Amino acid sequence: MDVWYATLDQMRPLLSAYTELLDPVEIERADRFRFEPDRERFILGHGLLRMVLMGYVGGDGRSIRYARGPFGKPSLDPKEVHFNFSDTKDAFLIGVSRSIDLGVDIETMTRNVDHEAVSEHYFTGPEITAIRNAGGHSKRRFLEFWTRKEAVLKASGVGIMDDLRVLRVDAPTNTMTIDHESFTQMAAPEYRVRTWHIGADHIVSIALPSDLKAFRMMRIDSALTPPPRSGRGS
């Protein structure tokens, strides 16, 4: 399993080139954003995803086609590798595996959030206690748990549930005891979840339905530049 990490600032010079990589559906989605920073982040993130996947399946990133699960989770068509994508306001995270479904999530410590109020609505009792007991690191602990919940939901393919208080993620292995109909049909019986910090600002979590025996953290220190389009005849 490989985990790719990049910052928005690293990718920003490639906005025009990455726009050319996207398919019509992605361009339409990008154009629906009201604010330019959100549009920019969408284009850069999805362009980067195509560039990363191209390294595993070959060909041209422009030719990649996605299928969609019942709740919108994208997959390759045909499914040559498994992947998952996450972004926050200043960074991107992509997980890739050749053999197993996965979920990844990234958050930034600069995010403005009332973590105490939010945790009361979306976290389990033991998770709330752990956040309170973290003292000056309570916001970090909140974001660790939040990324873990997101990673599990994305690994399952459901992506969203009405009540996150039934999804406990404060242990390395989390057994699923959820009654949500779609989740029980699509999720694995349990998920292994791991969390890391990247620098001072970013927290990432990965969820897998089996042991994580080996992985590589791939930090994109130089921009991935798409190849030029082939010339068109007159």
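Miscellaneous remarks
- Among helices (runs of 4 or more DSSP H) entirely within segment 67-170, having at least 2 residues that are among the β-branched types (Val, Ile, Thr), over 23 Å from PRO209 (Cβ atoms) and out of contact with any His (no Cβ under 7 Å at 6 or more places or on another chain) singles out 125-133.
- Matching residues in segment 121-148 - criterion: being within 19 Å of ILE178 (Cα to Cα) and charged (D, E, K, R): GLU127, ARG148
- Candidate set from segment 67-87 (those that are out of contact with any Phe, Trp or Tyr (no Cβ under 9 Å at 6 or more places or on another chain) and without any contact (Cβ under 8 Å) to a residue 12 or more places away in the chain); member that is nearest to LYS154 (Cα to Cα): ARG68
- Residues that are buried (at least 23 other Cβ atoms within 10 Å of the Cβ) and of a type outside the set (A, V, I, L, M) were ranked within segment 102-118; the one that is farthest from MET1 (Cα to Cα) is GLU107.
- Options SER234, SER182, SER222, SER156: the member that is crowded, with 18+ Cβ neighbours inside 10 Å, among the polar types (S, T, N, Q) and either more than 19 Å from GLY95 (Cβ to Cβ) or modelled with pLDDT of 85 or more (or both): SER156
- So VAL96, is it among the hydrophobic types (A, V, I, L, M, F, W, C) and closer than 23 Å to MET11 by Cα: yes
- Within the set GLY55, GLY61, the sole residue that is surrounded by fewer than 21 Cβ atoms within 10 Å (Cβ to Cβ), of a type in the set (Gly, Ala, Ser), over 30 Å from GLN185 (Cβ atoms) and modelled with pLDDT under 95 turns out to be GLY55.
- Candidate set from segment 88-105 (those that are of a type in the set (Asp, Glu) and under 13 Å from LYS154 (Cα atoms)); member that is nearest to the chain's Cα centre (by Cα): ASP105
- Test: residue in segment 34-43 that is modelled with pLDDT of 95 or more, surrounded by 14 or more Cβ atoms within 10 Å (Cβ to Cβ), in a helix (DSSP H, G or I) and over 16 Å from the mean Cα position of the chain (by Cα): yes
- Only one of the numbered conditions (1) in contact (Cβ under 8 Å) with a residue 40 or more places away in the chain; (2) within 19 Å of the chain's Cα centre (by Cα); (3) more than 21 Å from ILE43 (Cα to Cα) is violated by PHE123, and that is (2).
The values are calculated or read from the model by the stated rules, or taken from the named source; none is laboratory data. Values in this document were obtained by computation on a predicted structure and should not be read as measured data. Please note: Cβ atoms are built from the backbone with ideal geometry, for glycine as well, and neighbour counts cover all protein chains shown.
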